[in-house]
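First the structure, in the form of structure tokens, and then the observations on it.
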Amino acid sequence: MAAHQEKKTSGERKHKSTQNDTRTSQVQWGRAWEVDWFSLASILFLLVFAPLIVYYFVMSCDQYQCSLIDPLVDLLSGNKHLSDIWNKTPTLTYRAAGIYTLWVAFQVFLYVFIPDFCHKFLPGYVGGVQEGAVTPAGVVNKYEINGLQAWIITHVLWFANAYYFHCFSPTIIFDNWIPLLWCANILGYAVSTFAMFKGYFFPTNAKDCKFTGNFFYDYMMGIEFNPRIGKWFDFKLFFNGRPGIVAWTLINLSYAAKQQELYGQVTNSMILVNVLQGIYVLDFFWNEAWYLKTIDICHDHFGWYLGWGDCVWLPYLYTLQGLYLVYHPVQLRTANAIGILMLGLIGYYIFRMTNHQKDLFRRTNGNCKIWGKKPEYIECSYMSVDGTKYYSKLMTSGFWGWARHFNYTGDLMGSLAYCLTCGFEHILPYFYIVYMTILLTHRCIRDEHRCFSKYGKDWKRYTAAVPYRLIPGIF
């Protein structure tokens, strides 16, 4: 979307009119103000069971060779009790606490105190100080985009240690995986609780806060839109991008090192996981400035959903393929490995080019060419809380003419490729494609509900022009 601002005349900006515009905008744009019973039930389910799901998956690999069924069989048959499984689970250790504290502190240091320099010598990379999208209150936040720099510095130090300094083993993450889980949970709950407390007592911008009156919903979905400490420490950008995603590739490298230690080789399936997921992570940081325009930053408030999810859910469940391959090394036939690699690369191409088309369209306000032609679009309008009217252009050509979320289609193709590297012996590594399908389908629906609330009849015109969500001709 390409947005530009239309200032109201003084007559249009009378106090009463502004109040009415504000009230309308608050009801229609952004996170819900009222909680229906289904939303509340879903949130209570996630608050209770999401941590248990993460524990169950990690425990099943640690104690049951990654079988999701055997723990249930043992419990239901009476061969084991919950206490037996829990007693065999590694506990929090001082070593893990020290590792995790140093890790998070180091990422905070790189995020806050090292201004980006990559944009000065990497052609095409957009870093440094960038503006985000307009918030519902009409605020435009500035961000220090330095994620690629943090990733590079972190990985240079990792490889320097692995090959020269030998201060710690490359398997350190795998060797402390469950104790680190407890550390990640502590941080996830601590930051989520602090964000809720901050939203009540000292919000960064009170006009961008939302209170439903329901404690569980506000805790889960967040109160503040952009909680910050100081000028640059933005909770959403930090926890969405660091420390979890920077760690993603390190976690996979630790899994590969463990495979080498246990079996004397790294299988081609493990290499594929490292390469395909590494491309995804690098793409995220290369396009971090573009990420400021996505649903996570533009619409989601910061609560447990993002705080705990980025600390625990992402690093522990997005890396299940590598974890599985430590316990079940798979050496793929060459043809299968090439096929999986091609699926992953084609998925990445669709994901990247779809997003590139949207970004190019937005940056040029539609004055560009998509597939050799001037792009088609529908112009929409919306109101911010301060009563200012904005216009957006929604593209209806290129990949965006095929489906309204065709970037998600590419993402799902890549997700399937990760899972296929693990063969078909166990269902655990396929959790990722099942989860991503549910997540992205739900995100489609959630995003479109917000867009309909934001744009009204203009959104109906857009969906009539682009009738499919993910798969042209099907869905």
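The values are calculated or read from the model by the stated rules, or taken from the named source; none is laboratory data. Just so it is clear, the model here is predicted, and its values are computed rather than measured. Glycine gets a Cβ as well: all are built from the backbone with ideal geometry, and neighbour counts include every protein chain shown. Surface accessibility is based on the protein's heavy atoms, side chains included, excluding ligands, DNA and RNA. Shrake-Rupley method; radii C 1.70, N 1.55, O 1.52, S 1.80 Å.
Quick notes on this structure:
- Comparing Ile223, Leu439, Gln107 along the charge dipole axis of the chain, the residue lying farthest to the positive side is Ile223, per the Cβ-charge model.
- Helical content of the chain, expressed as a calculated mean residue ellipticity at 222 nm, amounts to -18500 deg cm²/dmol (DSSP H runs of 4 or more residues, -39,500 (n - 2.57) each, divided by residue number, nearest 500).
- Proportion of all alpha-carbon pairs of region 113-225 beyond 22 Å (%): 61
- Figure note: Trp290, Trp232 ranked by solvent-accessible area, largest first, 1.4 Å probe, ligands and nucleic acids not counted: Trp232, Trp290.
- Each Lys and Arg contributes +1 and each Asp and Glu -1, all at the Cβ; summed about the Cα centre of region 334-474, the dipole is approximately 620 debye.
- When only Cα pairs below 8 angstrom with a gap of at least 6 residues are kept, region 334-474 shows a relative contact order of 30 percent.
- Largest-first ordering by accessible area, 1.4 Å probe, given options Tyr64, Tyr432, Tyr200: Tyr200, Tyr64, Tyr432
- Shape call, region 39-331: gyration tensor on alpha carbons, a/c limit 1.5: oblate
- Rounded to the nearest 20 debye, the dipole size of region 173-232 about its Cα centre is 280 debye, using +1 on the Cβ of Lys and Arg and -1 on the Cβ of Asp and Glu.
- The chain: DSSP helices with Cα axial extent of at least 18 Å and average Kyte-Doolittle hydropathy no lower than 0.5: 37-64, 94-113, 147-160, 177-201, 268-286, 406-420
- Qualifying lysines (Cα of each under 22 Å from Cα of Lys393; at least 8 residues distant if same chain): Lys7, Lys8, Lys293, Lys358, Lys369, Lys373, Lys374, Lys454, Lys457, Lys460
- Per residue, the average separation of C-alpha pairs within less than 8 Å and at least 6 apart gives the chain a relative contact order of 22 percent.
- Debye log10 I(q)/I(0) for region 334-474, one point scatterer per Cα, at q = 0.11, 0.16, 0.17, 0.18 Å⁻¹: -0.50, -0.91, -0.99, -1.06
- Under 16 Å from Lys389, Cα to Cα: aspartates and glutamates that are on another chain or at least 8 residues apart: Glu6, Glu12, Asp21, Glu379, Asp458
- The mean sequence separation of alpha-carbon pairs under 8 Å and at least six residues apart, normalised by the residue count of region 372-422, gives a relative contact order of 27 percent.
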